[in-house]
Each structure stands twice: as C-alpha cells, then as structure tokens.
Amino acid sequence: MKPLYLEKVSKATTAFKILSDPTRFKILSFLFESEGELCVTDIAEKVSISHSAASHQLSKLEAHNIVFSYRDGQSVCYEVNDNELVDNLRQVMHTFIH
C-alpha cells in the first residue's frame, strides 16, 4: 500500500476514535457552537460531568491538537484549534447532528 493512503487511514481512524466517546463528542459540540473559548467549569456544567472528568477528556483532545488551553486567572479555558483534523471532525459531526 502507498504511504499516503496509510497516513489517510490513520488520520481517519484517529478522528473516529476521538468522536466515539460521547463525552468528547458533546464537549466538541459545545466548543464548536461557542465559536470561542469555554472554561473547564462551563464545559463540565454543560456536559453534566465533574470538573475532573471534563479536564481528563479535554487533555485527550489537547493531546491530539484539537483544542488548546490557556489560563484566565484561576480558570483553565479551551478553544478549538484551526487545523485539518478539526475541520474534518466538524464536518463529520455536522453530518450527524444537523
């Protein structure tokens, strides 16, 4: 198989693994809808999970370069990155929820 094909397969499977968790899917939905940053406390409240569970899922999204974090005083806030993977995730999610 061609290396480019294998790279595309790898990217696709990574995207679907990310979206396969309902909590991460909800978090991304809220971040996409917000069109800006959300702090962990707000995300946890919207998704109805604990602060630590939200932080755990957000760290997984950050590890895949889907979101980035920054401090706002005592709070840690997250925003969606602007890259190809995020664009693809947005399109896939839009297909299923709109």
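All of the numbers you see were taken from the coordinates with simple rules; none came from a lab. Since this is a predicted model, take the numbers as computed values, not measurements. All Cβ positions, even for glycine, are placed from backbone atoms using ideal geometry, and neighbour counts span all protein chains on display.
Which members of region 12-31 meet the condition of being in a helix (DSSP H, G or I) and hydroxyl-bearing (Ser, Thr, Tyr)?
Listed by number, the residues that qualify are 13, 14, 23, 29.
Give region 53-75 a look and list any residue that's out of contact with any helix residue (DSSP H, G or I) (no Cβ under 7 Å at 6 or more places or on another chain), among the hydroxyl-bearing types (Ser, Thr, Tyr) and either under 19 Å from residue 90 (Cβ atoms) or part of a helix (DSSP H, G or I) (or both), or say none.
59, the sole residue that qualifies.
Given the structure, is residue 57 polar (S, T, N, Q) and closer than 16 Å to residue 17 by Cβ?
yes
Restricting the search to region 40-70, which residues are of a type in the set (Gly, Ala, Ser), without any contact (Cβ under 8 Å) to a residue 24 or more places away in the chain and over 20 Å from residue 84 (Cβ atoms)?
44, 48, 50, 52, 55, 59, 69
So residue 23 ticks every box in (1) of a type outside the set (A, V, I, L, M, F, W, C); (2) more than 21 Å from residue 85 (Cβ to Cβ); (3) surrounded by 14 or more Cβ atoms within 10 Å (Cβ to Cβ) but one. Which box is left unticked?
(2)
Mind listing just one residue for me: the one in region 32-52 that is among the acidic types (Asp, Glu) and part of a loop (DSSP other than H, G, I, E, B) and, of those, surrounded by the most Cβ atoms within 10 Å (Cβ to Cβ)?
For region 32-52, the residue satisfying everything is 37.
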